[in-house]
Structure formats: C-alpha cells, structure tokens
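The block underneath contains the structure these notes are about, expressed in structure tokens.
Readers should treat all values here as calculations from the given coordinates under stated rules, not as data from a laboratory. Quantities reported herein were computed from a predicted structural model and do not represent experimental measurements. In this analysis, Cβ positions are derived from the backbone assuming ideal geometry, glycine residues included, and neighbour counts consider all displayed protein chains.
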Amino acid sequence: MTFTSLARNRWLRVAFVLALAAGVAVLFWWRGPDWGQVGNAFTIVRWEWVVVAVGLNLLSVLVRAVAWKIVIDQALAEPHPRFPLVFSAFSIGLFANAVLPGRIGELARVGVLTRKLPGRKGAWAALIGTVFAHRLFDLIPALLLVTYALLTAKVPHWAYTSLEIVLGVGFALFAFGLASARRHSRPVLDELGQVRRLLAMAGQGLRVLHSPLPAVGAAFFQCLGWFCQLLAVFFAMRAFHIYEGLPAAALVLVLVNVATIFPLWPGNVGLVQAAVALPLIAYGVPKALGIAFGFGLQAIEASVGVGVGMIFLAREGLSFAMLRVMPGAEAVEMPEDQTRAAESRERARISG
C-alpha cells in the first residue's frame, strides 16, 4: 500500500470519527428544546426581511464571483472567460458544496470553465490554482470578522479558544500564501508528491499577487461579499424577531463558517443549528428560537446557492451525477507534465 493510500484511509477514518462524534453531540444537545416552540417560531417570521436577506446573499455571490474573475484574468492568457461564464461556474460550485460532502464544488466550478476552454493547455491546473488564490483572499475578510467578533460580541467561553485558533491559523495561511507567491521557480513535478503538486497549482493562481491593483480589487470584492453576508445574517435575525446588533450577527456568521470548515455531511445540518443557537443564548435568545433561526438562516443561504446553482447547472447541460465524478487534483496534468510527455513520445518515435 502506498503512502498516498495510507494517508487517504487515515483521513477517511478521521472524517468518520468526527462525523460520528459531531452527530452524537448534536443529537444529545437537541433533546433540550421544545420542538413545538421551534415550529411556532416560523409562524411569526417577517418575510419581508427574509427577502432582503436572500437578496443580500445573491449580491454576495455576485461580487465574490467578480473577485474570482479578477484572479482568473491574471492566471490565464487571453482570451479570458467572460463574466457570465465565471458566474455560472461559481454558482454551480456553490450548489455542489451545498448538496455534496467534501468540497466537490471547488472542482465543479473548474470543470465547468474548462469545458468552455477547449485546447487551452494547462487550463485545468491554472484554474485550480485560482481557486486556491480565491480562497486565500477569503482569509482577509474572515480575519477581520473574527477580530471584530472577539472585540465586540458576547463570545461564549467555549468559543474563545476556537476563534483564537481560527485567527492564528488564518494569519499563518495568509502569510504562507504571500510567501508562496514570491517564489518564481517552478519545481520539477516528477520528483514531487501530491502536496507539492497542489502547491505548484496554487502558485499559478497566486500570480495575481504579483499585480498590486488586481490583488487589491480581488480583496475588495471578497470583503464586500462577506459584508453582504453579514448584513444578510443581521436582517435574517430581524425576520425571526431577534433584535440584536451587528456584533451578534458577526458572531453567528463566524461560528457558522467554523462549523462548515469540514463538510462532514451535506450542509452540516444540525451542527450549523447548534453553532447558531448556542452563542445567541448569551443574548437572551431562547434555545428553540435560536434553532429555528439556524434552520431559517441555512435555508436562506441554500435558496441562493442551490436555486441559482440548479438554474446554471441546467443551462450548462450538466447533471447532478456528473458533479460526483469530478477528477481530483492528482489527476490534473500540469504544463510541465504535458511537455515531458510530448518529449517522451518524440524520443520513442525516433528510437522506433
């Protein structure tokens, strides 16, 4: 058995244990609330604020797709994919992440774009690199949001350690990304493992960091996207008659993102509701209302990711089954691999 196979099996076991532990913990905690009160909370929802929250989530998706378009334009040679195609791919990726475990959506959005870029050598590897870079820019608003929540919100004692770890890891990842972008040398991938292959692909996407203006633009649109999400949480709270300020909304948004870092099952349903309801207890929000709000907030976000994603999935002529068989990063052929393969074929032809 190879090292890669051992690593995969180990991570599968870890994921299974985490999923089982989280599921047991959530089921144990859920015995507390009165489910009748949870249901009653939906009878008093102010739907005008729900519409506002949905619109803000849609705006968030739009501006974050703009950020990805900026990164793509720096990583790929012209002609660049047009924004409607980028937005379509990004929406399909959100849909896949919402309904499938394992962040399949990151590969799905790359697959949608490469279908429209025939004959572009190395396009798949470069686009996977842009996903890395796009996620790197996510760290900027995420770190700002965590800092804001720690300074202003009523953070439960049990959440302090988690948020401090997220803050530290976020700074480390951002520093690592900046350091990787400064490296201009390209490794010989035949001699590298899968981790180095991923880093090499990430380096292609991080080319945007060599251009200050596009980098600032991508960071700005990512921050704007997160701000729209923060406002969406704020107005969704109003819809459920939770009249707290932006610090409480920031805390909810941070803990929801922490709860979905590892997609243990589709949507992490249950874990998300716990992450929403527990911190709101410090604000005097009853547990049943907090759980109802958690379901409502997840439904608001899913209505955009799933709804818009399904529209573009049909438009691109793709099926749900196709999203499940997207190739992994280990199957990506880098430009250097293509060059060496062509040289090997030429040597074989001459010697033959």
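Summing Lys and Arg as +1 and Asp and Glu as -1 over all other residues whose Cβ lies under 15 Å from the Cβ of VAL54 gives a net charge of 0. For VAL285, neighbours were defined as the other residues whose beta-carbon sits under 14 Å from its Cβ, and their charges (Lys and Arg +1, Asp and Glu -1) total +2.
The order of GLU106, GLU78, going from fewest to most other C-beta atoms within 10 Å of their C-beta, is GLU78, GLU106.
Just to verify a number: FRET efficiency for ILE44 and LEU318, C-beta to C-beta distance, R0 = 30 Å, to 0.05? The formula returns an efficiency of 0.15 here. Working note: Karplus 6.51/-1.76/1.60 with θ = phi - 60° gives the range 220-233 the couplings 4, 5, 5, 4, 5, x, 5, 5, 4, 5, 4, 5, 4, 5 Hz, where Gly and Pro are set to x. Per-residue Cβ neighbour counts within 10 Å put PHE262, PHE293, PHE221 in the sequence PHE262, PHE221, PHE293, beginning with the fewest. Each residue in PHE137, PHE227 was given a count of other beta-carbon atoms within 10 angstrom of its own, and listing them fewest first yields PHE227, PHE137.
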